[in-house]
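The values are calculated or read from the model by the stated rules, or taken from the named source; none is laboratory data. If you're wondering where the values come from, they're calculated on a predicted model, not measured in any experiment. Using ideal geometry, Cβ is built from the backbone for each residue, glycine included, and neighbour counts are taken over all protein chains shown. Accessible surface is based on the protein model in full, side chains and every heavy atom, while ligands, DNA and RNA are left aside. Shrake-Rupley method; radii C 1.70, N 1.55, O 1.52, S 1.80 Å.
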Amino acid sequence: MSSHNDVYIYTVTEAGRTRRLASMLPEEATRAHGIKNYAIVGEFSQNPGEEEVFTVNPAYIEFLSWAIARHVAQCPGLVAEAQKQQNGRMLITDARGRAQGHELTEDDVIGVAEIKDGKLTQYAGNQNYRPFNQHGFMVIEPWLNQKIREELLVQATRAS
C-alpha cells in the first residue's frame, strides 16, 4: 500500500487473483473495517505487454455524487462563488489538469450545482467523471475533499 495525492493504493489477493485498488480510505480504516465497494475509487490492471489501465468504480462515482450533494451547499469556497454568481449553474471541477496548465475536459467535471439567489440548491454528479486520468488522481476543493473522506469513514464504520 502507498499513498498518492491522498489516494491509497492497495494490493489485495482474492481467490488467487492479485488486484491493485485505489481508495481514499487510509490503512487504519481498511484494516479495521475492510474496503467496501463504494470506497474503491477504481482498479489498476495490466495485461502483459500493455500499458496499465485504470477502471473507474461506478459505485464510487455514485457515492461521490451523494457525498458532494450532501455537503456542496456548505462548502465555503463554492458558497462564496455562488454568492457572486447569484443565479445559474456552477461546474464542480477537478483541478488536477488545470494545475498543470491543461484545459478543462469532461473527465474533470465532477458535477453541476444549481444556484438560485446566491445559494447552491441542487447538485447532479457527472457519471463520466474520471477520478484518475493522465494528469493523476483527483484534486478537489480541500473542504469538500475532507467532507468526502469523513463520509467514507462514517459509512465504512457503520456498515461493519
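Worth pointing out:
- Considering the conditions (1) surrounded by 20 or more Cβ atoms within 10 Å (Cβ to Cβ); (2) closer than 30 Å to Ala156 by Cβ; (3) at pLDDT 95 or above; (4) not hydroxyl-bearing (Ser, Thr, Tyr), Glu62 is excluded by exactly one of them, (1).
- Considering residues of the range 86-113 that are among the charged types (D, E, K, R) and surrounded by 14 or more Cβ atoms within 10 Å (Cβ to Cβ) only, the residue nearest to Gln127 (Cα to Cα): Asp107
- Helices (runs of 4 or more DSSP H) fully within the range 73-160 that include at least 2 residues being in contact with a Phe, Trp or Tyr (Cβ under 9 Å, 6 or more places away or on another chain): 76-85, 142-158.
- Residue count for the range 78-107 under the criterion of being among the basic types (Lys, Arg) and under 25 Å from Asp6 (Cα atoms): the result is 2.
- If the condition is being open to solvent by less than 70 Å² (accessible area, probe 1.4 Å), closer than 16 Å to Val41 by Cα, touching a strand residue (DSSP E or B) at 6+ places or on another chain (Cβ under 8 Å) and of a type outside the set (S, T, N, Q), then the range 118-143 contributes Gly125, Tyr129, Pro131, Phe132, Gly136, Phe137, Met138, Ile140.
- Applying a threshold of 6 Å to beta carbon distances and a minimum spacing of six or more residues, or different chains, the list of pairs starting in the range 120-147 at a residue that is modelled with pLDDT of 90 or more and of a type in the set (Val, Ile, Thr) and ending at one that is surrounded by fewer than 19 Cβ atoms within 10 Å (Cβ to Cβ) and part of a strand (DSSP E or B) reads Thr121/Glu114.
- For the range 19-58, the tally of residues that are more than 20 Å from Asn145 (Cβ to Cβ) and more than 14 Å from the chain's Cα centre (by Cα) stands at 16.
- Filter pass, Gln83 being modelled with pLDDT of 95 or more, open to solvent by 70 Å² or more (accessible area, probe 1.4 Å) and of a type outside the set (A, V, I, L, M): yes
- Applying the condition of being among the aliphatic types (A, V, I, L, M) and assigned to a strand (DSSP E or B) to the range 8-53 and asking which residue is most open to solvent (accessible area, probe 1.4 Å) yields Val53.
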